[in-house]
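Below is one structure, written out as structure tokens, with a few remarks after it.
The values are calculated or read from the model by the stated rules, or taken from the named source; none is laboratory data. Since the structure is predicted, the reported quantities are computational estimates derived from the model, not experimental observations. Because the Cβ atoms are built from the backbone with ideal geometry, glycine has one as well, and the counts that use them run over all protein chains shown.
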Amino acid sequence: MTTKTLRIALNGVTGRMGYRQHLLRSVLAIRDQGGVETAGGDRVTVEPVLIGRRPEKLAEIARRHDISEWSTEPDTVLSDDSVDVYFDSQITAARQKAIRSAVEAGKHVYSEKPVSETAEQALELARLAEGAGVCHGVVHDKLFLPGLLKLHRLLEGGFFGRVLSVRGEFGYWVFEGDWQSAQRPSWNYRSEDGGGIVSDMFCHWHYVLENLFGRVDSVTAKATTHVPRRWDEQGRPYEATADDAAYGIFELEDGAIAQINSSWAVRVNRDELVEFQVDGTEGSAVAGLRGCRLQHRTMTPKPVWNPDQPVTEPFRDQWSEVPDNAEFDNGFKAQWEQFLRDVVGGTKHRYDFFAGARGIQLAEAGLRSSASGQRIPLERIDR
């Protein structure tokens, strides 16, 4: 057995997602467990190099987690031949230029989504990375959630028969920032900074739909800004110029219809912050972040509509919980491990920049649909 160490430059680790999910719970967790075993029985270990704009914050993170190297000069890090992989979790507006520089420097590139501000830019990056012969990937973390892994198990086992529809509910109330601090950064609510729930969440919904149920053929959507005034991290009021809620209908290639509501202005009355109900000819299931409940056709009750009588059937009690049957790791970490195996194995990452471009394409089409009131067909984007 041989051991290879990959030096990973992580840009944006002072941000919430970059630090918590990618550095702490993924790269450092992989380092501390002794690396990742490949299909051939070899082992890949990792050594992080931190990149950011705030030297005092970088130094503190490096000290806290025993990281020997950090820099505020990304070009210097990219010029280092010992660095193998570049990861980007900066704000979207800064991402394309940085990724282009990394590809041109010959680095394998893994990125938060969206990989760029437009689908055209993402396609340019994908073709550039293909031409450079580097491995490229975009975060598809929700596919690795326990609830969706259980849902995938049901799909693979033919539980649903023919899938008829998918209904998704996502969101929670993000405080405005005046009397309680907001749970999301203020740039999320400024379109000029790349904010907006469509550009954020439609990329997620695209890969969930594409990988579980089939390609998205068209979208009809309505995006809106329910809360027009918010307060930033310094307590200063600002006008929200980006959409904070979106309501979409997605037509899939096999005829199934998906409806997904996304909102940062909704109060939660469901078991989890995101839930998907899948209805098929043979059965139905409701999947969240961790749990998944099902009801087979043989166990489906026969409700009768009668508004003059109180409901006597315990509908929620008539569903069964799907067992874990496995231990589920952090979803971000699981995809990191998959990407690192692809880097050392010289294989193409399944969730690549082309997949990222399709997600951005759906977001762009959703915004066009909202502005025009029309159904927008999607052109095919393939490798």
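GLY283 meets all of the listed conditions (1) touching a strand residue (DSSP E or B) at 6+ places or on another chain (Cβ under 6 Å); (2) free of Cβ contacts under 8 Å to residues at least 12 places away in the same chain but one, namely (2). Within the range 292-339, the set of residues being under 26 Å from VAL138 (Cβ atoms), exposed (fewer than 12 other Cβ atoms within 10 Å of the Cβ) and not hydrophobic (A, V, I, L, M, F, W, C) comprises just one member, GLU327.
Among the residues of the range 367-375, is any polar (S, T, N, Q), in contact (Cβ under 8 Å) with a residue 40 or more places away in the chain and in contact with a Lys or Arg (Cβ under 6 Å, 6 or more places away or on another chain)? Looking through the range 367-375, at least one residue is polar (S, T, N, Q), in contact (Cβ under 8 Å) with a residue 40 or more places away in the chain and in contact with a Lys or Arg (Cβ under 6 Å, 6 or more places away or on another chain).
Here ALA102, ALA62, ALA39, ALA29 are screened, and the one residue that is farther than 22 Å from GLU337 by Cβ and either polar (S, T, N, Q) or not assigned by TED's automatic domain parsing to the domain that holds ALA365 (or both) is ALA62. If you go through the range 153-188 and keep only what is part of a helix (DSSP H, G or I), at pLDDT 95 or above and among the hydrophobic types (A, V, I, L, M, F, W, C), you end up with LEU154, LEU155. Could you list, in sequence order, the residues of the range 341-375 that are of a type in the set (D, E, K, R), more than 15 Å from the chain's Cα centre (by Cα) and assigned to a helix (DSSP H, G or I)? Result: ARG341, ASP342, GLU364, ARG368.
Is it the case that the range 200-214 has a residue that's more than 29 Å from THR281 (Cα to Cα), at pLDDT 95 or above, part of a helix (DSSP H, G or I) and within 19 Å of the chain's Cα centre (by Cα)? No - not one qualifying residue is present in the range 200-214.
Would a scan of the range 333-343 turn up a residue that is outside the structural domain of HIS152 (by TED's automatic domain parsing) and of a type in the set (Asp, Glu)? There is at least one residue in the range 333-343 that is outside the structural domain of HIS152 (by TED's automatic domain parsing) and of a type in the set (Asp, Glu).
Within the range 208-221, can one find any residue that is surrounded by fewer than 20 Cβ atoms within 10 Å (Cβ to Cβ), of a type in the set (S, T, N, Q) and either touching an Asp or Glu at 6+ places or on another chain (Cβ under 6 Å) or outside the structural domain of PHE175 (by TED's automatic domain parsing) (or both)? Scanning the range 208-221, I find at least one residue that is surrounded by fewer than 20 Cβ atoms within 10 Å (Cβ to Cβ), of a type in the set (S, T, N, Q) and either touching an Asp or Glu at 6+ places or on another chain (Cβ under 6 Å) or outside the structural domain of PHE175 (by TED's automatic domain parsing) (or both), so the answer is yes.
Test GLY248 against the stated conditions and say whether it is touching a residue at least 60 places away in the same chain (Cβ under 8 Å), assigned by TED's automatic domain parsing to the domain that holds GLU156 and either over 20 Å from LYS113 (Cβ atoms) or not hydrophobic (A, V, I, L, M, F, W, C) (or both). Yes; evaluated as a whole, the condition is true for this residue.
Show me the helices (runs of 4 or more DSSP H) entirely contained within the range 34-152 in which 2 or more residues are free of Cβ contacts under 8 Å to residues at least 60 places away in the same chain and in contact with a helix residue (DSSP H, G or I) (Cβ under 8 Å, 6 or more places away or on another chain).
Hits in the range 34-152: 92-104, 119-132.
Scanning the range 235-265 for residues that are part of a loop (DSSP other than H, G, I, E, B) and within 20 Å of the chain's Cα centre (by Cα) gives ALA242, ASP243, ASP244, TRP264.
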